[in-house]
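One structure is given below, encoded as structure tokens.
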Amino acid sequence: MKALSLLALALALASLLQIRPAAVANLCDALDDRQLRITGNVSSELIIRFREYRHASIHKRALLEALHGVSGWEWIDRNNPAAAFPTDFGLVRVEDGFAPGLEQQLRRVSFVLDVSPQMRFTRSPLAEGKPPGRLRTGFSHDEQEEEPLLGNVTLSKRHLLIQRSQITSMFGAEKLWAKGFTGAKVKMAVFDTGVRSDHPHFRDIKERTNWTNEDTLNDNLGHGTFVAGVISSQDPQCLGFAPDAEIYAFRVFTDAQVSYTSWFLDAFNYAIATRMNILNLSIGGPDYLDRPFVEKVWELTANNIIMVSAIGNDGPLYGTLNNPADQNDVIGVGGIDHNDHISSFSSRGMSTWEVPHGYGRIKPDIVAYGRDVFGSKITSGCKSLSGTSVASPVVAGAVCLLASVVPESVRWSILNPASMKQALVEGATRLNGPNMYEQGAGRLNLLDSYEILVNYRPRASVMPATLDFTSCNYAWPFCRQPLYADAMPTMFNATILNGMGVIGYLESLPIWIPGQNGQLLNVRVTHSTVIWPWTGYLGIYLEVTEDGASFTGVAEGNITFTVVSPPAKGENQSRRSSVVLPVRVAVIPTPPRARRILWDQFHSIRYPPGYIPRDSLDVRNDILDWHADHLHTNFHAMFDALRDAGYYLETLGSPLTCFEARNYGTLLMVDLEDEFYPEEIDKLQDDVERHGLGVIVFADWYHVDTIVKMKFFDDNTRSWWTPATGGANVPALNDLLAPFGIAFGDSILNGAFSLAGERSHYASGTDIRKFPAGGFIHRFTLQDNSAANKAVTLITSLILQVESPVLGAVTAGNGRLAVYGDSNCLDSSHMVTNCYWLLRKLLDFTSDNVYDPALFSSSNELSSPLGGPDTHLPLRRPDVNLTGYSLVLGHKMQCGSDAPTSIRQAVYDGNMDRRLHRSLPQRQPMGNNINLSSEGTRPANLSLAKKQSTMLDDRHQRHYAIGKTARNQTGHVAILPVFWTRDEVSAPLSLSFCSAF
């Protein structure tokens with residue numbers, strides 16, 4: 001039944017029931033996500049960041065003069081301990097309707113760096129749903145869920161074991177206490193809900209500061225007290241790691257678990273000014289593009305503050321890392337239980353900043369016990385809590401204790417965010433079972449890290465220390481699939497740790513030294529132009545040469561490079577450290593075409609930067625699509641299932657013009673939100689019809705009225721959020737598929753059905769409106785939840801079922817296509833039932849030309865085309881500009897460094913900047929040590945550069961349209977951070993983002 005007819009039915013029923021049409025509109029409004037709070041006009045607050053640190057009164061006076069005659073705003077005085085020190089930002093209140101004009105005026109002011117909304121942070125229990133905006137890691141909670149037991153350990157015995165075993169003794173802290181190390185003279189900042197001054201568990205509460213709008217320094221929730229207790233409690237029932245550490249309690253959350261950006265920025269500035277040593281931040285969220293917050297964290301670590309942060313409580317889902325724990329300069333902590341299993345709630349990698357052109361980094365860095373950990377209660381006594389916000393202070397306490405191992409006279413000339421991370425990750429114990437993106441370097445090993453620090457000399461290193469793709473399960477997903485010739489480059493994103501100084505650079509281009517069969521590998525790299533603060537990236541691209549097309553075995557070699565940092569105080573020579581990264585990979589003959597699948601990553605858009613809504617509208621506790629939609633994040637189970645079935649999967653992070661169709665049996669396109677270049681549409685048609693490429697498309701819902709109704713006012717960002725598209729960009733997919741006579745509709749379908757003896761669930765999928773004659777179509781009776789149909793359902797309490805075509809397959813020239821209207825059955829994030837069985841049957845058809853009788857029955861074959869010239873198809877929203885989030889709109893079509901060398905040298909990549917990729921020179925193991933310099937690798941001047949503004953040229957930054965961010969000459973995001981060295985204001989460096997690609 002047509003949507004228009006159903007709306008007419010709804011109005012008729014409304015008339016019969018004496019319901020006014022306005023009431024029907026209200027019922028349609030109820031289609032919105034009812035957990036969102038939609039408010040009316042509110043008074044906006046803006047954060048104005050300045051180019052220099054000055055006292056707030058000076059900034060205020062200068063801003064009043066610069067905006068003389070501009071009305072609708074007022075300066076907000078911030079009365080907190082940071083007011084005694086220079087600041088780099090101001091807070092203003094803006095009257096309704098004045099914000100856009102004021103922001104334009106502010107961007108013309110020479111001393112203004114950027115403008116951003118004041119954000120409201122909220123924290124909720126681990127099990128509650130996630131709000132939009134900068135989502136926050138939930139508070140730790142009293143654990144109710146039990147992990148599976150091992151051996152003969154009963155439930156009661158397990159709890160007795162936990163109660164009798166201190167978290168400190170499980171790591172051997174008493175052995176360091178016996179040596180006289182207790183965390184003394186270490187300044188530990190705890191950013192949380194505060195602590196009471198008279199709490200009996202603490203020996204040295206040095207200072208308590210309140211950054212909230214509540215007039216109290218006390219902890220009225222208990223979380224801050226618990227965190228501080230895990231770090232430094234002296235109570236024998238719940239001992240902390242560093243009982244003599246100096247505790248500085250920063251109360252940044254109210255009793256209602258609310259905070260604001262300005263509170264954090266002020267507190268961070270105060271931590272820098274008062275020279276904190278270590279900072280624990282048991283919060284986080286996925287918005288790694290929250291510029292004021294992210295850049296302030298860089299500034300903190302640049303000032304030698306070691307930050308420890310929870311990786312997040314969004315497990316067991318992949319691609320759920322929280323910021324700032326996902327930053328290279330921060331120690332990100334995941335959680336394990338007492339059986340050394342990764343806790344179900346612990347977020348896991350990879351990082352997603354780098355997708356689609358690159359690959360994510362290893363995170364968390366390390367794991368520690370985060371379930372049933374005992375710590376201090378709010379006034380006295382002990383209790384048990386669970387969560388990564390518990391695991392984080394476990395590591396922070398260990399860091400405090402380890403810091404006291406280094407003699408005080410040289411402590412902070414040796415210890416820094418990089419050297420401490422080196423000690424932790426090199427000393428960690430690798431767990432059996434979890435992969436590197438679940439456990440990082442492994443479980444905290446306090447004693448081994450102690451041994452490393454005792455003998456530590458400033459040096460550079462790389463994480464991981466060895467790249468062994470043959471080691472399963474730790475090296476998942478790389479160990480699941482060997483390398484072979486003619487494949488997309490296998491990418492790996494390693495982290496450079498520079499314990500020699502806050503700033504460094506690579507002295508020359510890294511060198512590939514082939515080992516056994518290493519000559520069969522073509523190795524390229526990208527790397528940080530400047531290693532700052534303390535860390536950088538080493539992006540590695542591995543390809544098998546044509547000489548290895550028939551080879552079976554292992555190829556090995558070393559990547560070597562030298563890191564150089566300026567001399568330390570009292571030194572005359574630059575510091576140098578050589579790093580060797582062993583590489584070991586399995587190589588096989590190139591698989592047959594029919595076994596090879598190419599995954600389209602390039603056309604996927606996620607949050608951040610845009611409001612990309614969830615794919616299943618039934619999921620109420622996670623309204624954003626933020627898990628990266630990558631083979632190795634939320635589609636990891638599908639990846640494993642296809643590998644088990646004998647398929648080989650490669651990822652395309654560039655346009656469809658950047659692959660050779662004759663190498664692949666099927667192009668797999670799942671849950672895509674971006675547009676397509678006209679050249680891509682033409683090439684795909686040619687690839688299918690002439691070159692026999694198979695194509696499988698899994699779409700999702702797209703309904704304009706529903707998208708419009710999902711607009712809401714977010715209290716966190718104090719702005720209106722409007723979805724950039726639906727679950728998938730159906731109008732763009734229809735353009736791509738138009739040459740084949742295929743088009744999706746705009747229904748929102750839900751329900752269960754059976755096919756080929758398999759039960760499947762359709763979750764907010766769409767229908768097929770057009771399909772060519774001779775194709776095979778499957779129709780199922782499903783509930784239509786698009787706006788008009790749902791209005792009828794709400795009015796009559798009748799569930800409207802419609803028979804809808806949702807699955808189709810057809811031959812086109814030499815190739816074959818299959819389409820399905822829902823991707824949730826492949827997505828591990830919110831899957832009800834998987835449809836891997838269906839995907840395998842479709843792959844049999846598209847790759848091998850195998851017709852399964854259950855799918856290709858004569859009763860399902862179309863004798864005439866489905867749909868016609870007048871068939872209604874969904875249209876793009878004219879009021880939404882996707883350009884700010886798209887990698888297609890407003891961007892020149894080119895192949896990225898993720899594309900094969902042969903493709904990048906082909907006609908489709910004629911305008912590519914060759915500096916995006918560099919092939920490593922090979923050096924024979926017994927030959928001379930040849931170091932070939934790399935243009936642009938060494939900065940002309942290591943002194944701090946003069947401040948400068950840059951133009952925005954990145955989809956992430958246009959979302960905010962503020963700040964000093966640009967693409968540098970190598971195509972990486974360049975950040976111009978401002979950091980304060982406590983004694984003077986330092987100008988920024990043009991630095992590469994902590995991203996390998």
Q. Could you work out Rg/(2.2 N^0.38 Å) for segment 630-710, with Rg from alpha carbons only?
A. 1.28
Q | Proportion of all alpha-carbon pairs of segment 593-669 beyond 20 Å (%) | A | 41
**Q.** Cα Rg over Rh - segment 171-456, Kirkwood
**A.** 0.94
Q.
How far apart, in nanometres, would the label points at ASP77 and GLU689 be if each is projected 7 angstrom from Cα along the Cα-to-Cβ direction?
A. 7.4
Q | 5 Å-binned pair-distance histogram of segment 360-505 (Cα, whole percent) | A | 2, 9, 16, 18, 17, 14, 11, 7, 4, 2, 1, 0, 0
Q: Quick one: order GLU650, GLU95 by neighbouring beta-carbon count within 10 Å, fewest to most.
A: GLU95, GLU650
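So if we plug the beta-carbon distance of SER859 and ASN814 into 1/(1 + (r/R0)^6) with R0 = 25 Å, what FRET efficiency do we get, rounded to 0.05?
0.40
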Q) Measuring from a point 7 Å past the Cα of GLN573 along Cα-to-C-beta, which residues in segment 500-517 have an amide N at less than 19 Å? A) 500-501, 504-508
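For VAL70, VAL523, VAL308, which order do you get if you count the other beta carbons within 10 Å of each Cβ and list the fewest first?
VAL70, VAL523, VAL308
Could you grab the Rg to Rh ratio for segment 44-118? Cα atoms only, Kirkwood for Rh.
Working: Rg = 11.5 Å, Rh = 12.4 Å.
Using Cα coordinates only, the ratio equals 0.93.
Assign unit charges at the C-beta atoms only (+1 for Lys and Arg, -1 for Asp and Glu), then state the dipole size of segment 44-118 relative to its Cα centre in Debye, rounded to the nearest 20.
Values: 9 positive and 10 negative charges, 54 e Å.
So the magnitude is around 260 debye.
Give me ARG459, ARG411 ranked fewest to most by other Cβ atoms within 10 Å of their Cβ, as a rough exposure proxy. Walk me through the intermediate numbers first.
Details: ARG459 18, ARG411 15.
Fewest-to-most ranking of ARG459, ARG411: ARG411, ARG459.
Summing Lys, Arg as +1 and Asp, Glu as -1, what charge do residues with Cβ under 11 Å from the Cβ of ARG584 carry, ARG584 excluded?
On the way: positive: none; negative: ASP468, GLU556.
Combined, the nearby Lys, Arg, Asp and Glu give -2.
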Q.
For TRP73, what residues show an amide H to amide H distance below 5 Å, using hydrogens built from the backbone and excluding near sequence neighbours?
A. GLU95
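Give me the number: length gained by fully extending GLN801 to GLN519, i.e. 0.36 nm times residue separation minus the C-alpha to C-alpha distance, one decimal in nm. Kindly include the intermediate steps, with their values, before the conclusion.
Working: separation 282, 0.36 × 282 = 101.52 nm, distance 6.16 nm.
Gain on stretching GLN801 to GLN519: 95.4 nm.
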Q. Under 18 Å from a point 7 Å along the Cα-to-Cβ line of THR833: which residues of segment 725-753 have their amide N that close?
A. 749-753
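Beyond a 22 Å Cα-Cα separation, which of these cross-linked pairs lie in this structure: LYS187/LYS296; LYS711/LYS892; LYS363/LYS421; LYS175/LYS569; LYS185/LYS206? Numbers along the way, then the final one.
On the way: LYS187/LYS296 19 Å; LYS711/LYS892 31 Å; LYS363/LYS421 13 Å; LYS175/LYS569 34 Å; LYS185/LYS206 11 Å.
Table pairs above 22 Å Cα-Cα are LYS711/LYS892; LYS175/LYS569.
Read the figures in this text as sums done on the coordinates, not as results from a lab. Small disclaimer: the values here were computed from a predicted structure and weren't measured. Here the Cβ is made from the backbone with ideal geometry for all residues, glycine too, and neighbour counts use every protein chain on show.
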